[in-house]
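Comments concern the structure below.
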Amino acid sequence: MTQKRQTLTLKPKPRAAQAATGRRPAPAARPAAQQEAPRLRQSYEVKPHLQQDYRPALAPDSLALALLGAANAVARVRAGVNLPQALAEVFNAYQATPQARGAIQDIAYRTMRKLGRSEVLLGLMTAKAPEPPMLSSLLAAALVLLDVPEGEVASYEAFTVVDQAVTAAAAHPDFAHAKAMVNAVLRRFLRERQALLAEALRQPLAQWNYPEWWIDATRAAYPDQWQAILAAGNEHPPLTLRVNRRKTSIEDYLARLAQAGMQADVIGPSALRLSQAVNVAHIPGFAEGLVSVQDAGAQLAAPLLDLADGMRVLDACAAPGGKSGHILELADVDLTAVDCDPKRLARVGENLQRLGLPATLVAGQAQDRDWWDGRQYDRILADVPCTASGIVRRHPDIRWLRRRSDTHQLATLSFKILDNLWQMLRPDGKLLFVTCSLWPQESEAQAAAFAVRHNAIRLDAPGQLLPTIGASRDHDGLFYALFQKSAA
Ligand SMILES: C[S@@+](CC[C@H](N)C(=O)[O-])C[C@H]1O[C@@H](n2cnc3c(N)ncnc32)[C@H](O)[C@@H]1O
């Protein structure tokens, strides 16, 4: 295991404002060989002949390029790559302009949210899944732009979408031959929209836009709320900020937003939901560390730790450092932030540097002890890896990347992590167990079994938070269990 121990310095530095995205990590890339049978009709395998990195000769800021870029990213997700990584690969391959990046990202995220519906519609209109996967994905992306819900304003005129999708197809050597088919399918959708949708929506995949196993698992766990939970996961996430109380107050920061012509709702002790999402570069005071991007549910973690100055605190699965930053904003603690992924750990460093707060960063596995200095901690945060089923509105690719068997595998890993960390906690100390999962196997069942195994005292904590959208509350689906070790 590679070990890396570094102490953050507090040198002020000019910062790229995009360091904090507030996003939870999407699942890691998965080799095609490890995948189970695909849930969607389309094969997830990327055909070796597909020229994924082919740079099409299209106008840099055209809708055709945006559609093709989004299709490329969606095809990579179908091959097991998470969407942020897939988009980074596409931006690089296409040398995309900032405007093109925005358009590609927007269409790719929208396509992910409606991939089940588009697949079913394509199944009704084509005899077999269009190959290669990028062609199916191009059609799916164009369908999403055409399939505008009643009452919503279309982003593009229908004829423009069809024209640009055909142009995109024609520009790619792997499926230029299929441009007439693209034209025919999209025109047929426009002609027969009502009938096709009525037929498609009879299938749960089209109705909910989740794999059927996911729908079944949600219904089994939440017989009364499963529909609201699935619907919440299809919403666009808000941009929620955490105000850094070391540097400003909610009131002062609201005033600063107002000066910049921006509005926000207070949805937690330090949480502000912006009325309109903006790029982090345009968030007032972001670069100076006045605020961070963090979901209101995730903002509950640090206060639950009951921190005091001078404590030794471990954040055992820390990247990208959202909760580490909050911990350090609340008290002058000696924080060790561990993560198994050195690249992601570097983001903890960037985020803490922006906030001007020090920590010791360690690359290591939380289920191992080879990185530990042997001194017990007063507080431990175990924000363990999980299916991330509670944060699908931020990561609409997760549902298509996950497999039913992941729940068990991840629960086994978090079992080992929790048992290991418990040995690192001092008597009377507290351990906060957090997941961003909705599945009881990963959260409540795990917490209950842990308490029994270690005779741990269970303190008050929110337990399972379901994803909620509302005027005064708006948060992801998270789970919190707080344990105390008996005094020696
Ligand atoms: C839910 S995220 C943590 C989010 C973070 N606490 C925050 O608030 O920004 C889980 C993290 O655990 C890391 N991870 C996964 N397996 C791990 C392991 N075995 N040991 C340590 N870290 C692990 C992942 O790289 C990921 O960064």
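The values are calculated or read from the model by the stated rules, or taken from the named source; none is laboratory data. Nothing here was measured: the structure is a model prediction, and the numbers come from that model. Because the Cβ atoms are built from the backbone with ideal geometry, glycine has one as well, and the counts that use them run over all protein chains shown. Just so you know, the surface numbers come from the protein's heavy atoms only, side chains and all, with ligands and any DNA or RNA stripped out. Shrake-Rupley method; radii C 1.70, N 1.55, O 1.52, S 1.80 Å.
Suppose we keep only residues that are in contact with a strand residue (DSSP E or B) (Cβ under 9 Å, 6 or more places away or on another chain) and without any contact (Cβ under 8 Å) to a residue 24 or more places away in the chain within the range 439-488. Which one would you say is farthest from LEU381 (Cα to Cα)? Out of the qualifying residues, it is ALA448. Given the criteria within 21 Å of TRP422 (Cβ to Cβ) and in contact with a strand residue (DSSP E or B) (Cβ under 8 Å, 6 or more places away or on another chain), does ALA318 qualify? So ALA318 fits the description; yes. For the range 356-367, a residue qualifies if it is within 21 Å of ARG242 (Cβ to Cβ) and within 13 Å of the ligand (Cβ to nearest atom), and the qualifying residues are ALA359, LEU361. Selection over the range 210-259 of residues that are open to solvent by 60 Å² or more (accessible area, probe 1.4 Å) and either within 21 Å of ALA200 (Cβ to Cβ) or part of a loop (DSSP other than H, G, I, E, B) (or both) gives a count of 12.
Taken over the range 61-99, the residue count meeting the criterion of being in contact with a helix residue (DSSP H, G or I) (Cβ under 6 Å, 6 or more places away or on another chain) and open to solvent by 60 Å² or more (accessible area, probe 1.4 Å) is 1.
Each row is one residue, and each column tells you yes or no for (1) within 11 Å of the ligand (Cβ to nearest atom); (2) in contact (Cβ under 8 Å) with a residue 40 or more places away in the chain; (3) open to solvent by 10 Å² or more (accessible area, probe 1.4 Å).
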residue	(1), (2), (3)
ARG273	no, yes, yes
VAL278	no, no, yes
GLY289	no, yes, no
ALA296	no, yes, yes
ASP309	no, no, yes
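The set of residues in the range 314-349 being in a loop (DSSP other than H, G, I, E, B), over 18 Å from ASP370 (Cα atoms) and near the ligand (Cβ under 8 Å from one of its atoms) consists of ALA319, PRO320, GLY321. Among the residues making up the range 100-128, those that are open to solvent by 20 Å² or more (accessible area, probe 1.4 Å), among the small types (Gly, Ala, Ser) and over 19 Å from VAL162 (Cα atoms) are GLY102, ALA127. Does ALA140 satisfy the criteria of being out of contact with any Lys or Arg (no Cβ under 7 Å at 6 or more places or on another chain) and surrounded by fewer than 17 Cβ atoms within 10 Å (Cβ to Cβ)? No. When each of ALA456, ALA382, ALA451 is tested for being of a type outside the set (S, T, N, Q), surrounded by fewer than 21 Cβ atoms within 10 Å (Cβ to Cβ) and not assigned by TED's automatic domain parsing to the domain that holds ASN82, the lone residue that passes is ALA451. From the set of residues in the range 377-435 that are aromatic (Phe, Trp, Tyr), more than 19 Å from the chain's Cα centre (by Cα) and part of a helix (DSSP H, G or I), which is farthest from the ligand (Cβ to nearest atom)? Among those residues, the one meeting the criterion is TRP422.
Quick one: is ALA255 out of contact with any helix residue (DSSP H, G or I) (no Cβ under 9 Å at 6 or more places or on another chain), free of Cβ contacts under 8 Å to residues at least 60 places away in the same chain and either in the same structural domain as THR126 (by TED's automatic domain parsing) or within 30 Å of PRO358 (Cα to Cα) (or both)? Criteria met by ALA255.
Checked against the criterion of being β-branched (Val, Ile, Thr) and in a loop (DSSP other than H, G, I, E, B), the candidates VAL120, VAL90, VAL144, VAL153 yield just one match: VAL153. Taking the range 396-454 as the range and being farther than 26 Å from GLN85 by Cβ and of a type in the set (Asp, Glu) as the test, the residues that pass are ASP419, ASP428, GLU444. When we screen PRO284, PRO269 for residues that are out of contact with any helix residue (DSSP H, G or I) (no Cβ under 6 Å at 6 or more places or on another chain) and in contact (Cβ under 8 Å) with a residue 12 or more places away in the chain, the only hit is PRO269.
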